[in-house]
Amino acid sequence: MNSPVTLSRHGDIALLRIDNPPVNALSPGVVAGLVAAIDAFEADASYKALLLHGEGRTFVAGGDISSFDLPDFTTQPFNGTLARIEALGRPVVAALHGTVLGGGLELALACHWRVAHPKTQLGLPEVKLGILPGSLGTQRLPRVVGAELALDLIASGRSIGAAEARELGLVDELSDAAPLQAGIAFTEALLARGAGPRRISERMVATESLAPDFFERALADAARRKPFHPSARNIVRAVQASLLPFAEGEAAEARLFEELRVSPESKAMRHLFFAERLASKIPGLPRDTTLRPVRSVGVLGAGTMGGGIAMNFANAGIPTVLVETSQAALDRGLGIIRANYEASAAKGRLTTEQVEARMALLRGSLDDAALADCDLVIEAVFENMDLKKQVCARLGAVCKPGAIIATNTSTLDVDVLAEATGRPADVVGMHFFSPANVMRLLEVVRGAKTAPEVLATVMQLARTIGKVAVVSGVCYGFIGNRMAEVYMREAEFLMMEGASPAQIDGAVEALGMAMGPCRMLDMAGIDVGAKTVIEYGKAGGLPPDDSYRAVVRKMFELGRFGQKTGAGYYRYDGRKPVDDPETARIAAELAAQHGIARRDDIPPQEIVERLLYPLINEGARILEEGIAYRPGDIDMVWVAGYGFPDHRGGPVHMADAIGLPQIAGRLAHYANTRGNPHGYWSISPLLASLAAQGKRLSDWQAA
Ligand code: 3HC
Ligand code: NAI
C-alpha cells in the first residue's frame, strides 16, 4: 500500500510530503509514514535539512479524531516521533498553509523553523472535542507565546491568522508562494546563512509577568464557567505543568489528556463532530449534484424572523431585499437590523465600515415585484395557513423560473404550501431559529416534491451562512419542535401538579441544558407558543384532553407573553426571571379544574425523566417514520437549536448512555402510575424493540 508520507530530494533538502486527504489528519498510517521518513532522513547524511509540507488544501488539520476510539489508541508513537524530529541535528522546517490545527500545529512546533502562507490559520481546537492538545501543545506553545496567551488559545480553541502568529514568533516568515516553494526558498536561505536546529522544548516559559495566583484563579474560573467540561480544568493544569522541566510537563500532559480521551464528555463531543458533518449529507444524492446559483435573496416579512434571516445573507455578502406590507413595518424591521449591527460594532465585533457595507446589501420594498429577480425567496410572514397559502401562490407567480421558494414556517404543512405555489419542486422549508442571525441550527424541510438540487443548494447555502443544516421530513413541528412539544407538555403537567418553573428548569439546567423549558418559552414568547398550540388544535392535531398545554393557553389569555411583557411562567425583574406566586395560583386553579392531584415534593429526578424520556421517545418515532435520516441528526438539532448540552452529545447519545432498557422501563412506569388514556407514555415500537435487543438508538439505520 502507498504510504501517505513520502520523502524525496530537492538538492540538499529532504522533502517530506504528507498526503492524506481531505485534511491530512494524523492517522496511524501517517504516523508510521513519518517514522519511516525520519529513519530514511537520519540514514542519509547527504541531506542538509528536512522540509515538511502538506499536499492539498492544508498542512495537517490534526490528529485523526476517528482513531481516538480505537482500543489500542495512544499518543505515544506520534509524540515519540515529534521528539525525534525536534532532536534531529540538521534544521527541520515546516511549510504551513490551510488550517494548521491540533496535532498539525503540534507537529509544526516540533520543527525548528516555520514558514507560512499569509492565509494560514493556526490553533489548538482540541477543547471543542472535550480533550486537550495531547502531543505537547500544552508544553511547547507556552514556551513560545507565554503561559497566559497559550492558556487563552488552548482553552478557547480559537485559531489565529498567520500574521498574528508571525508577530508572536510562532511563525518565522510569511510567504505568498505555494507552500512547497515557500518552504524550499526559506530552507535554502537558512542553509545559506548556516542556521541550525532550534528546539522549543529547550526554552523556559516566561513567568515574569505572571501573577502568583494566575493558575489558581484560572482553575477557579474554569470550574465556574465550564462546570460540565473537565477539559477546562485539565487544560489549566496542563499549561501550569509547562513551567516544570519539559519531561515532567510531558508526563502531566499525557495523564491529563488520557483522562479526557476516555471521558464520557469527550466521547459525546467527538460524536457531535462527526454528526455535524454527516448531517450535511443527503442519502442518495451525489456530492456533485449541480446546484442552483444563489446570488440574491428575497425575504418576505421583516418581523422577528425575517430581519434575522436577512442578516445572515448580508453577513455573507449576498444582496437581499426585504418586502413588507407597510412602510412602518419595513422601517421597523430595517431599524432593528441596523441597531443589531451597531450593537455588534459597539462591542468591537464589527467596524463602522462593515456595518455600512452590510446595510448597503439590504434593500426594502413594499412591492413583491422586487422579488422577481431573486434566486431564493424565503417567506417569513405570520404563522397562519390561509395567509401563507396566499403568499405562496403569489410567490409562485412572481419568482423567476428556477428560483427557490422557501418557507420559514415552524409547524405548517410544507407540502400544502408547496402545492399553493404551483411549482412544488422549487419549494423547501428553511426553518431558522430565533434569533435567526445567532442560532446555528437550520432545519431544512424536504417536501414530498422538493427537487433534489433544491435540497442540495439549500444545504450548501447553509454552510455559506455558517449554519448547521439538518434535513427533516414534513410533520408537525419537524424534528425539533415536535420533540419540544412533548417536553413542554410534561413541563406544564408538572407545573399543574405543583412544581414551580424554577424547580422544573433547575432540574434540567443541572444536567447542563442552557435553559429549562419555562425560561425557553418565556423568551421565545408565550404568545408564539400558545398560537401554535391553538392552530394545531384547529387542524385537529391535539389529543382530546382539555388539560393539554392548559397553562400556556391560560397565560396567553391573560396577556402574560413572557419576557416581552414582564411576565409569563416567571415574572421578570429586568431580564431576570423570578418565581411568581401568580403562576402557582394559575397552575393550582387549572389543576383543580382538570382534576389533577397536587404534590409539593416532586423530586428533580422525576422532573428530568418526565421531561427528557418522552422527548427521547418522540425522537425514536421521528426515526422510525423517516422524518430524520439518522440518529445523529436529532442530536445536532437539539445541541445547535435548543441548548442541549454538548457534553451529553444530544438526546439520542444521552439515551444510549443511560441505556434504552432503563428508559423503556421508566416510560412504562409513568404509563402505569399516571395512566395513559391519550398515549402520552406509549413507547415507540423502535425504542421498545431496540431496548429488548440490547441495542442502541444510535446504531439504528434506515432500511
Ligand atoms: N480527524 C478525522 N477526520 C477529520 C478531521 C480530523 N482531525 N478533520 C476533518 N476531518 C474530516 C471530516 O470528518 C470531513 O469528512 P467527510 O468529508 O467524510 O465528512 C472532512 O475531513 C472534511 O472536513 P470538513 O467538512 O469539516 O471540512 P472544512 O473544510 O469545513 O473544515 C477543518 C476543515 C477546519 C480542518 C475542520 O474539518 C476541522 O475543524 N477539523 C477538526 C480539527 C481539529 O479538531 N483538530 C484537532 C484534532 S484532535 C488532535 O489533534 C489531538 C492531538 O492534540 C493529540
Ligand atoms: P412576526 O409577527 O414578528 O413577523 C411577521 C411579519 O410578516 C410582520 O412584520 C408582518 O408585517 C409581515 N407580513 C405579514 N403578511 C405579509 C405579507 N403578505 N407580505 C409581507 N410581509 C407580511 O412573526 P415572526 O415571529 O417573525 O414569524 C414569522 C414566521 O417565522 C412564522 O411562520 C413563524 O412560525 C416562523 N418562526 C418564528 C419563530 C419565532 O421564534 N418567532 C422561530 C422560527 C420560525
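Annotations for the structure displayed:
- Of the residues Phe41, His97, Gly498, the one whose Cα sits farthest towards the positive end of the charge dipole of the chain is His97 (charges of +1 on Lys and Arg Cβ, -1 on Asp and Glu Cβ, taken about the Cα centre).
- Near the amide H of Leu52, within less than 5 Å, lie the amide hydrogens of Leu16, Val93, Ala94, Ala95, all on another chain or at least 5 residues away, with H placed in the peptide plane.
- Computed magnitude of the charge dipole of the chain (debye, nearest 20; Cβ of K, R +1, Cβ of D, E -1): 440 debye
- Structure-based [θ]222 nm, the chain - -39500 (n - 2.57) summed over DSSP H runs of at least 4, per residue, nearest 500: -15000 deg cm²/dmol
- With θ taken as phi - 60° and the Karplus curve 6.51 cos²θ - 1.76 cosθ + 1.60 applied, the whole-hertz 3J(HN,Hα) list for the range 628-644 is 9, 6, 7, x, x, 5, 5, 4, 5, 4, 6, 6, 7, x, 10, x, 5 Hz, x standing for glycine and proline.
- FRET E, pair Ala206, Arg349, Förster distance 30 Å, beta-carbon r, rounded to 0.05: 0.50
- Between the range 640-665 and the range 113-141, the Cα center-to-center distance that results, in Å: 31 Å
- Magnitude of the charge dipole, the range 52-196, Cβ model with Lys/Arg +1 and Asp/Glu -1, debye to 20: 200 debye
- Linear extension gain, Asn676 paired with Glu148, 0.36 nm per residue minus alpha-carbon span: 184.3 nm
- Computed extension gain for Ala36 through Glu624, at 0.36 nm per residue and net of the alpha carbon distance, reaches 206.8 nm.
- Mean sequence separation of contacting Cα pairs (under 8 Å, at least six apart), scaled by the length of the chain, corresponds to a relative contact order of 9 percent.
- On the principal axes of its alpha carbon atoms, the range 71-139 extends 34, 30, 20 Å, with the longest extent given first.
- Using the Cβ-Cβ distance between Leu291 and Asp373 with R0 set to 22 Å, the FRET efficiency works out to roughly 0.75.
- Dipole of the range 284-421, positive direction: furthest Cα of Ala302, Ala403, Leu334, with charges on the beta-carbon: Leu334
- Cα→Cβ-extended label distance, 7 Å offset, between Asp19 and Glu453, nm: 3.4 nm
- Positive-end residue of Gln693, Gly157, Phe68, charge dipole of the chain with Cβ unit charges: Gly157
- Cβ-defined net charge surrounding Ala668, 13 Å radius [Lys, Arg +1; Asp, Glu -1]: +1
- q = 0.07, 0.09 Å⁻¹: log10 I(q)/I(0) that the Debye formula gives for the chain, counting C-alpha atoms only: -0.57, -0.91
- Span from the the range 541-575 Cα centroid across to the the range 1-73 one, whole angstrom: 60 Å
- From the alpha carbon centroid of the range 191-215 to that of the range 317-368 is 48 Å.
- Packing-based ranking, highest mean first, of 493-506, 335-348 given that Cβ atoms within 10 Å are counted: 493-506, 335-348
- Using Cβ point charges alone (K and R +1, D and E -1), the dipole size of the range 405-550 about the Cα centre works out to roughly 560 debye.
- For the range 148-201, the list of trypsin sites (Lys or Arg not before Pro) that fall in a loop by DSSP and count at most 11 other C-beta atoms within 10 angstrom reads Arg193.
Taken together, the values in this text are just the output of simple stated rules run on the coordinates, not laboratory data. If you're wondering where the values come from, they're calculated on a predicted model, not measured in any experiment. Counting neighbours? That spans all protein chains shown, and the Cβs are built from the backbone with ideal geometry, glycine included.
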